[in-house]
Structure formats: structure tokens, C-alpha cells
There are 2 protein chains.
Amino acid sequence: RKMSALAGRDNDYIFRQLLEYTSFTYTYILADPESKEAILIDPVIEMVNRDIKIIEDMGLNLKYAINTHVHADHVTGTGEIKKKIPSCKSMISKYSNAKADVQLSEGDKIKFGKFELEVRSTPGHTDGCLTYVWHQKNMAFTGDAILIRGCGRTDFQQGNSGRLYDSVHNQIFSLPPNFTLYPAHDYTGQTSTTVEEEKKLNPRLTKTKEEFIKIMKELNLPYPKQIDRAVPANMVCGMFELQDAKK
Amino acid sequence: RKMSALAGRDNDYIFRQLLEYTSFTYTYILADPESKEAILIDPVIEMVNRDIKIIEDMGLNLKYAINTHVHADHVTGTGEIKKKIPSCKSMISKYSNAKADVQLSEGDKIKFGKFELEVRSTPGHTDGCLTYVWHQKNMAFTGDAILIRGCGRTDFQQGNSGRLYDSVHNQIFSLPPNFTLYPAHDYTGQTSTTVEEEKKLNPRLTKTKEEFIKIMKELNLPYPKQIDRAVPANMVCGMFELQDAKK
Ligand SMILES: [Fe+2]
Ligand SMILES: [Fe+2]
């Protein structure tokens, strides 16, 4: 029996959504079961052992550990992963000014086996927010640009509501309506949505740009619990030693 | 633009996995976007408003609210759902002796639009545990029979480790290896597995039957927090009024 059956129902690809219960962060494993090349999107430092065990149990080789942006609510797992899997390269937007092995820009392609992700720049929550589009499988990983019936905050880091509105409308809502969207978070127990659903049902992004900016200004959200720990660590992709060495 | 685009990437079906964070229960929405007929597997009473909102926002008609078994860790949402959507019918195994509109047996088919689920009897965690197999989409909903790298407890209700071992080996591991398995719970942030993976990697069910029975006997798990509230309520599918009237 071929081990590629581990891939699951469509056999030609591996896709796993994983959850971290404290910051409600979703992590994604994507892989090509033939070449065994895998990528990991938005790992969380506390869950690195779980993530690596799943990848190794499936016999995959982790090629890239990728962040959608410099997170303010958790420390990325990419630094820990690189310690444990030295061949793995970290990736983040060049607009984030964060340290990583690969700096990504609009239009770049991330290749793993027979698959590739298209990099789309979707700033507004932060300057360096990226959305990764898996055209071959009709999926997109939106980070905090758009959430299920919501969107990322625009009141810290380089938040800018007008930019976020344009990013979602130009770069995400322009995808085919049946594309499944996988966000970096959900706080209501939902795991995915679609382009069509958010274009019709998102309570913020279905409004005009002016109304959206007003809604975001009036949210009055509490200061993020982990931001003072998370952002400095994530600017060096979770490499605490590196961070300490710079002091 | 056709509203069936709400279906997501494959267009011809709707599938959503939902999470309840207290009991770590997964709820599933399955639907046919053409006929709009939907079913809901293992709803949780506290999350009924969320579940109904998603179903109604997508323009679906909920035909059945189904339990995989009489849960001991949460109160089912089926009673509340039937109050809010009177046309919806509840379903549970006839071997559970619980009240419901439809009593299911091995081999029954649950039809929704152009789709159907096959009912498989998988006792061992409880006598009335069912696994629902969606052959058209290479998925199975296993309740607590098999979990991701684990399985349901056999130390309360009608728990029987030998029966559970046989159920998993005969009724679940006999499915094609690429079938995705969706359990009723996961406590590690994983959302799905496959037949092939569990046949290879499940730390309990890859053992011999004798070893499995010994492992289960030695688990020494704490008494389930919600069992005294949940089981009586779930025997009447969460219909508290009905339950009170019987006293
Ligand atoms: Fe963020
Ligand atoms: Fe159970």
C-alpha cells in the first residue's frame, strides 16, 4: 500500500488545520505526498513539538516555516522549528522588516513539490501582512487580513483601516467565489469560510470604505495581552537567542 | 452569480467543522448546495445559536440534527435546535435507548439532497455509538469510537474495550485508506486524520486486542465533569422540558 494514502481524501495533497487554544491561532500544514515536501503556515511556539511530530509521523520534509505577518498575540514557532529542523527555512514579508531566511514580496511563488502558493500583499492590519493563495486547491490563507465574519485589528503596529479595506477588496475578494479562506484566528469555533460568503456576509467589509474606517475606529478593543512579548520575538522569527545577542 | 458558490472549493457540497472550546467537541455541517438540504452532526447546546446562524446565513434548510452517541461530556444541541427549527428531525442510534425522532440502525442511509451517509454501528465507547460514512466525499464521522491518535473511554456508560477494538477494526479500518476521519473531539488542536494514518500511528489501536484491553483498563481517567448533567439530558436529546415532565 502506498504511503501517499496518508494524504487523505483527494490523495494528491495533504492539508491539515491545527489550533492553539490560548491565542486561538490556526496553523496549517500543506504538503505534496509524492515529493514529501511540506510547508507550515503560522506555527505557534508552544505547539512546535506537536507540529513537528505530525510532520515526521507522516514522513514529510519541512521545507519552509512561514508567517503571514509579525503576530502580536503569540510568539511564532519558526525559530524553534529551525533549531529542530535546520534545513527548514523561515519566510516572512520583506515589508515586515522582520528577520527571516527568505523575505517575500507581492507575486512571489512558494514552491513545495508539485504545488506552489502565490504571495499577495494585503497590508492594513500590519504593513507586512501577506495572503498565500493555493490556486491549485482553491484555498487562500489570509492571516489577519480577513477573519470569518470579521477582520484583523487596525489599532496597533502599522494598522490602517483604509489600507486593510483596499487589501481585502482588491486582493482577496477578487479571488474566485468558491475559494475557501483559512484565517490565522477564529474566536467562535469556526474553521473556514469562502470568498463568496465573506463578500455577502462579512459585517464590516460589506460596508463602504468610509463606514468600515468608522467601525474600526470605534471598536475600542483591549490592549493585546501578549503584544509586548510577542512583537519583539516575532521580529526575529521567534529566535530568542538572536534577539538576546543583539541587546 | 449562483449562491451555490457558498459551497466552497468543490462547489457541489458544503462541509464545515465547528468547535466548542469547553468540551472540545466538534460539530459538523454537511449540505447539498443545490437542494439546500443540510444536516448537523453532534451539536452542543451552548453553541446552537451560532450553528443556526451559520446555516441560515448560507440559506440552508436543516433536515436532521444527529448525534453519534449519548454524550457524557456535553449536552446535545438537538433539543434546542428542534425548538427553533420545528421541521428538523433528531436522530440517534436505536441501541442508545435515547429519545429521538428517528432511531438509526446499522446499514441505514441518511439522505440530504443528492447525498447520503451510511450508518455503521461502532459500539464499545457506548452501546449506541454510530459512525456516519460519507462515501461520496471520502469522509467518516467517527464520534468517540476513534479519535486522532486515540479513542473514546470505555470506563463508563456501556464501555467495553473489546467491543470498541472490534468496531474500529471491522467498521472503520475497513474503509479505504484515504478516507478522512472526523472525530467528535480532539484535545490537542488537531482537526482530522485518515484511515491510513490511524492504522499506522494510533498508539492504542495498532496494538493487539489483548494489549488494547489492558491499556484501556489502566488509563485511570478522572470522572467526567459533566456526566451527571449530560447523560440524562442526552437520553432525551437535550429536551429538558420533556425530561422534567417525566419526573
Ligand atoms: Fe495579527
Ligand atoms: Fe462520548
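Using the structure shown, list the pairs from A:Lys111/A:Lys225; A:Lys200/B:Lys36; B:Lys89/B:Lys209; B:Lys36/B:Lys84; A:Lys63/A:Lys200 with a Cα-Cα distance above 28 Å, or answer none.
A:Lys111/A:Lys225; B:Lys89/B:Lys209; A:Lys63/A:Lys200
Cα centroids of region B:30-70 and region A:50-85: how far apart, whole angstrom?
Region B:30-70 and region A:50-85 have Cα centres spaced 34 Å from each other.
Between copies, how far apart are the B:Asp228 label points? List them in nm, one decimal, shortest first, with each point 7 Å from Cα toward Cβ, please?
Label-point distances to the other copies, shortest first: 4.4 nm.
I want to check the label-to-label distance for A:Leu221 and B:Asn170. Put each point 7 Å from Cα in the C-beta direction and report it in nm to one decimal.
Simple spin-label model gives 5.2 nm for this pair.
Roughly how many Å is it from the Cα centre of region B:101-121 to that of region A:97-124, as a whole number?
45 Å
Could you give the size of the charge dipole of chain B about its Cα centre, using +1 on the Cβ of each K and R and -1 on the Cβ of each D and E, expressed in debye and rounded to the nearest 20?
180 debye
Taking neighbour Cβ counts within 10 Å as the exposure measure, how do B:Leu201, B:Leu147, A:Leu40 sort from fewest upward?
With the sparsest Cβ surroundings first, the list reads B:Leu201, B:Leu147, A:Leu40.
Ranked highest first by the average count of other Cβ atoms within 10 Å around their residues, in what order do A:133-143, B:103-113, A:70-80, A:210-220 fall?
The densest-packed peptide leads the list: A:70-80, A:133-143, B:103-113, A:210-220.
Calculate, for B:Thr206 and B:Asp155, the FRET efficiency according to 1/(1 + (r/R0)^6) with r their C-beta to C-beta distance and R0 22 Å; round to the nearest 0.05.
Result of the calculation: an efficiency of 0.55.
What list do you get for B:Cys237, B:Cys88 if you sort them by fewest beta carbons within 10 Å?
Listed from fewest to most nearby Cβ atoms, that is B:Cys88, B:Cys237.
Taking just the alpha-carbon atoms of chain A, what radius of gyration and Dmax come out, in angstrom?
17.3, 58
At q = 0.13, 0.20 Å⁻¹, what log₁₀ I(q)/I(0) does region A:149-247 have when each alpha carbon counts as one equal point scatterer in the Debye sum?
-0.60, -1.09
Would you kindly work out, in nm and rounded to one decimal, the distances from the label point of A:Phe156 to those of the same position in each other copy, ordered shortest first, with label points 7 Å along Cα-to-Cβ?
Ordered by distance, the counterparts are at 4.0 nm.
Take the residue pairs B:Lys99/B:Lys207; A:Lys94/A:Lys114; A:Lys199/B:Lys199; A:Lys137/B:Lys199 and return only those whose Cα atoms are more than 31 Å apart.
Pairs exceeding the cut-off: B:Lys99/B:Lys207; A:Lys199/B:Lys199.
Sequence gap at least 6, Cα distance under 8 Å: using those rules, report the relative contact order of chain A to the nearest whole percent.
It rounds to 17 percent for chain A.
What is the Cα coordinate range of region B:92-160 on the first, second and third principal axes, sorted by size from largest, in whole angstrom?
Rounded to whole Å, the extents work out to 39, 31, 15 Å.
When 1/r is averaged over all different Cα pairs and the result inverted, which Kirkwood radius in Å belongs to the protein assembly as shown?
When all Cα pairs of the protein assembly as shown are included, the Kirkwood radius is 23.4 Å.
Any idea what the B:Thr206 label distances to the other copies are, label 7 Å down the Cα→Cβ vector, nm, shortest first?
Once sorted, the set of distances for B:Thr206 reads 4.8 nm.
Where a number appears in this text, it was derived from the coordinates with a stated rule and is not lab data. Quick caveat, the model's predicted, so the values are computed rather than measured. Counting neighbours? That spans all protein chains shown, and the Cβs are built from the backbone with ideal geometry, glycine included.
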